[in-house]
Amino acid sequence: MTRSGAARIALVTGGGAGLGRAMAEALAEVGWHVVICGRREEVLEETAASIRAAGGAAEAIRADIADPASVNALFSKIEERHGRLDLLVNNAGAAAPPVPMEDISFAQWQTVVAANLTGAFLCTQNAFRLMKKQSPRGGRIINNGSISATTPRPNSAPYTATKHAIAGLTKSTALDGRAFDIACGQIDIGNAASDMTAAMAGGVLQADGRVAPEPRMDAAEVGRAVVHMASLPLDANILTMTIMATKMPFVGRG
(Lines give C-alpha, C1' and ligand atoms only; values in the text may rest on other atoms or scores of the structure.)
Protein backbone atom coordinates (compact mmCIF):
# COMPACT_ATOMS: atom_id res chain seq x y z
CA MET A 1 0.00 0.00 0.00
CA THR A 2 1.08 3.59 -0.56
CA ARG A 3 -0.30 7.15 -0.65
CA SER A 4 -1.74 7.05 2.89
CA GLY A 5 -3.12 3.54 2.56
CA ALA A 6 -4.40 3.72 -1.01
CA ALA A 7 -3.82 0.60 -3.12
CA ARG A 8 -1.05 0.61 -5.67
CA ILE A 9 -2.48 0.23 -9.18
CA ALA A 10 -0.86 -2.19 -11.64
CA LEU A 11 -1.74 -2.98 -15.25
CA VAL A 12 -0.65 -6.34 -16.67
CA THR A 13 -1.18 -6.72 -20.42
CA GLY A 14 -2.01 -10.24 -21.55
CA GLY A 15 -2.92 -10.85 -17.93
CA GLY A 16 -5.66 -13.42 -18.43
CA ALA A 17 -3.53 -16.52 -18.94
CA GLY A 18 -0.02 -17.94 -18.88
CA LEU A 19 2.78 -15.76 -17.55
CA GLY A 20 0.53 -12.70 -17.40
CA ARG A 21 -1.84 -14.50 -15.06
CA ALA A 22 1.07 -15.64 -12.88
CA MET A 23 2.30 -12.04 -12.67
CA ALA A 24 -1.16 -10.67 -11.87
CA GLU A 25 -1.76 -13.29 -9.17
CA ALA A 26 1.61 -12.62 -7.54
CA LEU A 27 1.09 -8.85 -7.51
CA ALA A 28 -2.43 -9.17 -6.07
CA GLU A 29 -1.15 -11.50 -3.37
CA VAL A 30 1.11 -8.75 -1.97
CA GLY A 31 -1.53 -6.03 -2.08
CA TRP A 32 -1.54 -4.50 -5.55
CA HIS A 33 -4.85 -3.66 -7.22
CA VAL A 34 -4.36 -5.39 -10.55
CA VAL A 35 -5.96 -4.44 -13.84
CA ILE A 36 -5.59 -7.15 -16.46
CA CYS A 37 -6.22 -6.59 -20.15
CA GLY A 38 -6.34 -8.76 -23.24
CA ARG A 39 -8.62 -9.63 -26.15
CA ARG A 40 -10.42 -12.67 -24.67
CA GLU A 41 -13.00 -11.24 -22.29
CA GLU A 42 -14.12 -14.57 -20.81
CA VAL A 43 -10.52 -15.52 -19.93
CA LEU A 44 -9.89 -12.11 -18.35
CA GLU A 45 -13.06 -12.26 -16.27
CA GLU A 46 -12.28 -15.77 -15.03
CA THR A 47 -8.79 -14.75 -13.94
CA ALA A 48 -9.99 -11.57 -12.24
CA ALA A 49 -12.70 -13.53 -10.41
CA SER A 50 -10.15 -16.12 -9.31
CA ILE A 51 -7.87 -13.40 -7.90
CA ARG A 52 -10.77 -11.80 -6.02
CA ALA A 53 -11.83 -15.20 -4.65
CA ALA A 54 -8.32 -15.59 -3.24
CA GLY A 55 -8.65 -12.26 -1.44
CA GLY A 56 -6.94 -10.02 -3.98
CA ALA A 57 -8.15 -6.96 -5.88
CA ALA A 58 -8.48 -7.33 -9.63
CA GLU A 59 -10.50 -6.08 -12.56
CA ALA A 60 -10.58 -7.03 -16.24
CA ILE A 61 -10.71 -4.62 -19.18
CA ARG A 62 -10.87 -5.95 -22.71
CA ALA A 63 -8.36 -4.21 -24.97
CA ASP A 64 -6.32 -4.79 -28.11
CA ILE A 65 -2.91 -3.32 -27.36
CA ALA A 66 -2.01 -3.15 -31.07
CA ASP A 67 -4.87 -0.69 -31.64
CA PRO A 68 -4.10 2.91 -30.56
CA ALA A 69 -7.77 3.74 -29.95
CA SER A 70 -8.22 0.65 -27.77
CA VAL A 71 -5.10 1.47 -25.74
CA ASN A 72 -6.23 5.08 -25.28
CA ALA A 73 -9.61 3.85 -24.03
CA LEU A 74 -7.92 1.39 -21.66
CA PHE A 75 -5.80 4.07 -20.01
CA SER A 76 -8.72 6.50 -19.88
CA LYS A 77 -10.70 3.91 -17.89
CA ILE A 78 -7.78 3.38 -15.50
CA GLU A 79 -7.44 7.11 -14.94
CA GLU A 80 -11.19 7.57 -14.45
CA ARG A 81 -11.47 4.71 -11.97
CA HIS A 82 -8.22 5.10 -10.05
CA GLY A 83 -6.67 8.45 -10.91
CA ARG A 84 -3.22 6.97 -11.42
CA LEU A 85 -1.09 4.01 -12.50
CA ASP A 86 1.87 2.85 -10.40
CA LEU A 87 3.03 -0.12 -12.48
CA LEU A 88 2.73 -1.19 -16.10
CA VAL A 89 3.81 -4.71 -17.03
CA ASN A 90 4.15 -5.02 -20.81
CA ASN A 91 3.66 -8.77 -21.01
CA ALA A 92 1.29 -9.43 -23.93
CA GLY A 93 2.85 -10.95 -27.01
CA ALA A 94 2.58 -13.33 -29.94
CA ALA A 95 4.82 -15.63 -31.97
CA ALA A 96 4.87 -16.80 -35.57
CA PRO A 97 5.01 -20.51 -36.49
CA PRO A 98 8.56 -21.93 -36.22
CA VAL A 99 9.20 -22.21 -39.95
CA PRO A 100 12.14 -21.17 -42.18
CA MET A 101 12.40 -17.42 -42.58
CA GLU A 102 11.44 -17.49 -46.27
CA ASP A 103 8.14 -19.16 -45.39
CA ILE A 104 6.94 -16.52 -42.93
CA SER A 105 4.13 -14.48 -44.44
CA PHE A 106 4.01 -10.72 -44.26
CA ALA A 107 0.78 -10.99 -42.27
CA GLN A 108 2.47 -13.22 -39.70
CA TRP A 109 5.37 -10.76 -39.43
CA GLN A 110 2.96 -7.84 -38.94
CA THR A 111 0.97 -9.72 -36.29
CA VAL A 112 4.07 -10.38 -34.17
CA VAL A 113 5.42 -6.83 -34.55
CA ALA A 114 2.03 -5.36 -33.61
CA ALA A 115 1.60 -7.49 -30.50
CA ASN A 116 5.17 -7.55 -29.20
CA LEU A 117 6.55 -4.14 -30.12
CA THR A 118 3.84 -1.71 -31.20
CA GLY A 119 1.61 -2.74 -28.31
CA ALA A 120 4.39 -2.27 -25.76
CA PHE A 121 5.19 1.16 -27.20
CA LEU A 122 1.56 2.32 -27.18
CA CYS A 123 1.08 1.22 -23.57
CA THR A 124 4.37 2.83 -22.52
CA GLN A 125 3.40 6.07 -24.24
CA ASN A 126 0.07 6.20 -22.42
CA ALA A 127 1.69 5.24 -19.12
CA PHE A 128 4.15 8.13 -19.51
CA ARG A 129 1.31 10.59 -20.03
CA LEU A 130 -0.43 9.46 -16.86
CA MET A 131 2.64 8.92 -14.67
CA LYS A 132 4.03 12.36 -15.49
CA LYS A 133 0.90 14.22 -14.37
CA GLN A 134 -0.31 12.12 -11.46
CA SER A 135 0.49 13.00 -7.86
CA PRO A 136 2.75 11.63 -6.49
CA ARG A 137 4.47 11.68 -9.87
CA GLY A 138 6.14 8.66 -11.47
CA GLY A 139 5.80 4.91 -11.57
CA ARG A 140 7.45 1.77 -12.91
CA ILE A 141 7.31 -0.09 -16.23
CA ILE A 142 8.45 -3.71 -16.58
CA ASN A 143 8.84 -5.20 -20.05
CA ASN A 144 8.73 -8.92 -20.79
CA GLY A 145 11.81 -9.23 -22.97
CA SER A 146 12.24 -13.02 -23.08
CA ILE A 147 15.60 -14.73 -23.42
CA SER A 148 15.03 -14.13 -27.13
CA ALA A 149 15.90 -10.49 -26.42
CA THR A 150 19.53 -11.63 -26.48
CA THR A 151 19.63 -15.14 -27.98
CA PRO A 152 17.42 -16.56 -30.76
CA ARG A 153 15.99 -19.98 -31.29
CA PRO A 154 16.02 -21.48 -34.78
CA ASN A 155 13.23 -20.28 -37.08
CA SER A 156 12.16 -17.41 -34.82
CA ALA A 157 13.01 -14.23 -36.76
CA PRO A 158 9.80 -12.22 -36.07
CA TYR A 159 9.71 -13.03 -32.36
CA THR A 160 13.45 -12.55 -31.86
CA ALA A 161 13.52 -9.28 -33.80
CA THR A 162 10.71 -7.80 -31.72
CA LYS A 163 12.23 -8.96 -28.43
CA HIS A 164 15.60 -7.44 -29.36
CA ALA A 165 13.64 -4.25 -30.06
CA ILE A 166 12.04 -4.45 -26.62
CA ALA A 167 15.54 -4.26 -25.13
CA GLY A 168 16.01 -0.95 -26.94
CA LEU A 169 12.59 0.28 -25.84
CA THR A 170 13.44 -0.61 -22.24
CA LYS A 171 16.64 1.43 -22.30
CA SER A 172 14.99 4.41 -24.02
CA THR A 173 12.13 4.29 -21.53
CA ALA A 174 14.53 4.16 -18.59
CA LEU A 175 16.43 7.13 -19.98
CA ASP A 176 13.44 9.26 -20.95
CA GLY A 177 11.63 8.49 -17.71
CA ARG A 178 14.56 9.40 -15.48
CA ALA A 179 13.58 13.05 -15.09
CA PHE A 180 9.98 12.16 -14.22
CA ASP A 181 10.53 9.42 -11.59
CA ILE A 182 9.55 6.72 -14.07
CA ALA A 183 11.72 3.60 -13.73
CA CYS A 184 11.83 0.91 -16.40
CA GLY A 185 13.29 -2.59 -16.32
CA GLN A 186 13.10 -5.78 -18.33
CA ILE A 187 12.58 -9.39 -17.31
CA ASP A 188 13.98 -12.03 -19.68
CA ILE A 189 12.20 -15.34 -19.13
CA GLY A 190 13.37 -18.76 -20.21
CA ASN A 191 11.22 -21.91 -20.28
CA ALA A 192 8.48 -21.04 -17.81
CA ALA A 193 5.72 -23.65 -17.87
CA SER A 194 2.69 -22.44 -19.86
CA ASP A 195 0.56 -23.50 -22.81
CA MET A 196 3.05 -21.75 -25.10
CA THR A 197 5.94 -23.91 -23.86
CA ALA A 198 4.04 -27.21 -23.55
CA ALA A 199 5.78 -28.65 -26.64
CA MET A 200 9.16 -28.43 -24.91
CA ALA A 201 8.44 -31.60 -22.96
CA GLY A 202 8.21 -33.59 -26.18
CA GLY A 203 11.21 -31.96 -27.83
CA VAL A 204 12.00 -28.74 -29.69
CA LEU A 205 14.48 -27.89 -32.42
CA GLN A 206 17.99 -27.04 -31.23
CA ALA A 207 20.59 -24.88 -32.98
CA ASP A 208 22.57 -27.95 -34.07
CA GLY A 209 19.54 -29.50 -35.77
CA ARG A 210 18.66 -31.97 -33.02
CA VAL A 211 15.20 -32.17 -31.50
CA ALA A 212 15.46 -32.44 -27.73
CA PRO A 213 13.18 -31.98 -24.70
CA GLU A 214 13.90 -28.96 -22.51
CA PRO A 215 13.32 -28.51 -18.77
CA ARG A 216 10.77 -25.91 -17.65
CA MET A 217 10.19 -24.04 -14.40
CA ASP A 218 7.05 -23.08 -12.48
CA ALA A 219 5.50 -19.90 -13.91
CA ALA A 220 4.82 -18.76 -10.33
CA GLU A 221 8.53 -18.04 -10.00
CA VAL A 222 8.20 -15.46 -12.78
CA GLY A 223 5.38 -13.80 -10.84
CA ARG A 224 7.55 -13.62 -7.73
CA ALA A 225 10.40 -12.12 -9.74
CA VAL A 226 8.11 -9.40 -11.08
CA VAL A 227 6.92 -8.67 -7.54
CA HIS A 228 10.54 -8.18 -6.49
CA MET A 229 11.21 -5.76 -9.34
CA ALA A 230 7.98 -3.88 -8.60
CA SER A 231 8.68 -3.66 -4.86
CA LEU A 232 11.74 -1.44 -5.23
CA PRO A 233 11.49 2.28 -4.44
CA LEU A 234 11.58 4.47 -7.53
CA ASP A 235 15.17 5.54 -6.80
CA ALA A 236 16.27 1.94 -7.42
CA ASN A 237 15.78 -0.12 -10.57
CA ILE A 238 16.56 -3.58 -11.93
CA LEU A 239 17.33 -2.73 -15.55
CA THR A 240 17.50 -6.36 -16.68
CA MET A 241 16.77 -9.64 -14.93
CA THR A 242 17.06 -13.13 -16.42
CA ILE A 243 14.99 -15.88 -14.83
CA MET A 244 15.18 -19.32 -16.41
CA ALA A 245 14.87 -23.03 -15.90
CA THR A 246 18.24 -23.94 -14.40
CA LYS A 247 18.92 -26.85 -16.77
CA MET A 248 17.63 -25.36 -20.01
CA PRO A 249 20.17 -25.23 -22.90
CA PHE A 250 20.97 -21.54 -22.82
CA VAL A 251 24.29 -20.90 -21.08
CA GLY A 252 27.24 -22.37 -22.97
CA ARG A 253 26.81 -24.43 -26.13
CA GLY A 254 23.58 -26.26 -25.37
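The values are calculated or read from the model by the stated rules, or taken from the named source; none is laboratory data. These figures come from a predicted structure and were not determined experimentally. Don't worry about glycine lacking a Cβ; one is built from the backbone with ideal geometry, like all the others, and counts go over all protein chains shown.
Residue 219 passes every criterion in (1) surrounded by 12 or more Cβ atoms within 10 Å (Cβ to Cβ); (2) modelled with pLDDT of 95 or more apart from (2).
Looking only at residues of region 177-202 that are over 20 Å from the mean Cα position of the chain (by Cα) and at pLDDT 90 or above, we find that the one that is surrounded by the most Cβ atoms within 10 Å (Cβ to Cβ) is 181. Looking only at residues of region 33-57 that are touching a residue at least 40 places away in the same chain (Cβ under 8 Å) and out of contact with any Leu (no Cβ under 7 Å at 6 or more places or on another chain), we find that the one that is farthest from residue 92 (Cα to Cα) is 57. In the set 103, 86, 67, only one residue is under 18 Å from residue 181 (Cα atoms) and of a type in the set (D, E, K, R); that residue is 86. Residue count for region 26-64 under the criterion of being of a type in the set (A, V, I, L, M, F, W, C), within 27 Å of residue 110 (Cα to Cα) and part of a helix (DSSP H, G or I): the result is 2. Taking the criterion of being surrounded by 15 or more Cβ atoms within 10 Å (Cβ to Cβ) and assigned to a helix (DSSP H, G or I), the residues of region 229-251 that qualify are 229, 230. Are any of the residues in region 23-30 closer than 27 Å to residue 160 by Cα and either in contact with a Ser or Thr (Cβ under 8 Å, 6 or more places away or on another chain) or among the basic types (Lys, Arg) (or both)? Checked against the condition, which is being closer than 27 Å to residue 160 by Cα and either in contact with a Ser or Thr (Cβ under 8 Å, 6 or more places away or on another chain) or among the basic types (Lys, Arg) (or both), region 23-30 yields at least one hit.
Select from region 216-228 the residues that are more than 28 Å from residue 137 (Cα to Cα) and either of a type in the set (A, V, I, L, M, F, W, C) or part of a strand (DSSP E or B) (or both) and list them in ascending order. Scanning region 216-228 gives 217, 219, 220.
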